[in-house]
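The structure appears right after this line, and notes come after that.
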Amino acid sequence: MRGGASLHPSRGFILVAVLWILAALATLATIFSIYLANTAVSLSVNDSDIQTEALVYAGLEMTAYQVSSPTATSPGMPPAPGLPNAPAAAPQARRNPDVPPPPVRGDFSFRLGRANVAVSFVPETARIDINAASPQLLANFFTGLGVPRQQAELYVQRIAGWIAPPKATQTVLASDNAEEALYRAAGRTYSPRGAPFAHIDELSLVVDLPPAIVERAKPFLTIYTGKAQIDVIDAAPEVVAAIPGVTPNLIQSLAEARRTGADEMSVARLLGVLPLQGVVTIEGGDTYRVQVRIRYDNGRQAAAEAVIRTGSGDKAYNVLWWRDGFEALSNTGPQPAPLPR
């Protein structure tokens, strides 16, 4: 046709193919951009988690440094007075009273990596070690939670049965199998551990212990100190009230001493009225519960709680337990210092 140009069929097919290719490329570009965005978000989250973990470790290391800092000693100075059952210090290790000892409890804050970090630490001996506590202390503790005395003593028996090692002799009496029989009768598919608790959550496996009581008891219990003594300076009222021989007046006096920041020797004098001195201590030991709270400049917050043991081996500390999140923070004992702004 001379009057105008006409589109050859093959050219129309090529144009359609080009348009389809362009549409496919646009789709691929969109998919790739979405993938890049998702990858960036994922990397950002991972980077934040790594940064949070690093800040928590910084808090743990600073805590370990504070509680382990050396103090000057003087062989000519007498040992500081303590509880009647406290071991006397060796002459060569007597502390110079002019040099303050390292803290066993406290809080501090610091800024690092565009974040404000608040840290609080208390001796783990502020809790009852369920593997080491006396039956009387444990029975008093459960009674203080509202459990009738007879039932509380039954709980203590079941806890002792969980820990007691199996008999090593080949001839086992029927009475020796009584604890395992209780578990079979209760429909449990397992037997008592026959060894110390490996985790405080194991309490929920002990037969005859109601789950509600276990959940109420766990914030005041531990398995990490290996000590029967309770640090009364930092212990919660529920723990102090379980100490054999304690009285309401003594509990009130201890609370007042803690509120006013009385020195440890004043607390030791208060404890002198207790008939069972082996159950109480004012020393922190080597195991600490550390709470860390983090506030980033962008408004994001994070938290973690850990139990560490200092002075073990060639490391400044070892992490015995760790849990992330604000729900992990213990609601007993001193709380972390306010986050700096």
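The values are calculated or read from the model by the stated rules, or taken from the named source; none is laboratory data. A quick note: this is a predicted structure, and the numbers were derived from the prediction, not measured. Cβ: placed from backbone, ideal geometry, glycine included. Neighbour counts: every protein chain shown.
Can you name the residue in region 127-140 that is hydrophobic (A, V, I, L, M, F, W, C) and in a helix (DSSP H, G or I) and is also farthest from Arg258 (Cα to Cα) among such residues?
Taking the candidates together, the pick is Ala139.
Is there a residue being modelled with pLDDT of 60 or more and not charged (D, E, K, R) anywhere in region 88-101?
So far as region 88-101 goes, yes, one or more of its residues are modelled with pLDDT of 60 or more and not charged (D, E, K, R).
Testing Tyr183 on (1) in a helix (DSSP H, G or I); (2) of a type in the set (Ser, Thr, Tyr); (3) within 23 Å of Leu320 (Cβ to Cβ); (4) touching a Phe, Trp or Tyr at 6+ places or on another chain (Cβ under 9 Å), one condition comes back false. Which one is that?
If we test Tyr183 against (1) in a helix (DSSP H, G or I); (2) of a type in the set (Ser, Thr, Tyr); (3) within 23 Å of Leu320 (Cβ to Cβ); (4) touching a Phe, Trp or Tyr at 6+ places or on another chain (Cβ under 9 Å), just (3) comes out false.
List pairs: first residue in region 271-291 and closer than 20 Å to Leu320 by Cα, second residue modelled with pLDDT under 90 and part of a loop (DSSP other than H, G, I, E, B) anywhere in the structure, Cβ distance under 6 angstrom, at least six positions apart or on different chains.
Close Cβ pairs satisfying both conditions: Gly284/Val104; Asp286/Gly311; Gln291/Leu329; Gln291/Pro336.
Taking the criterion of being outside the structural domain of Thr247 (by TED's automatic domain parsing), in contact (Cβ under 8 Å) with a residue 60 or more places away in the chain, in a loop (DSSP other than H, G, I, E, B) and touching a Ser or Thr at 6+ places or on another chain (Cβ under 6 Å), would at least one residue in region 141-161 satisfy it?
No - not one qualifying residue is present in region 141-161.
Take region 242-255 and flag every residue that is surrounded by fewer than 18 Cβ atoms within 10 Å (Cβ to Cβ) and in a loop (DSSP other than H, G, I, E, B).
Pro244, Gly245, Thr247
Pairs needed: first member in region 204-216, closer than 14 Å to Gln151 by Cβ; second member anywhere, outside any loop (DSSP other than H, G, I, E, B) and among the β-branched types (Val, Ile, Thr); C-beta distance under 7 Å; at least 6 residues apart or different chains.
From residues that are closer than 14 Å to Gln151 by Cβ, the pairs are Val206/Ile159.
How about region 110-126: which of its residues are assigned to a loop (DSSP other than H, G, I, E, B) and farther than 28 Å from Gln301 by Cα?
none
Only residues that are modelled with pLDDT under 80 and under 30 Å from Glu53 (Cβ atoms): list them for region 234-292, please.
Gly284
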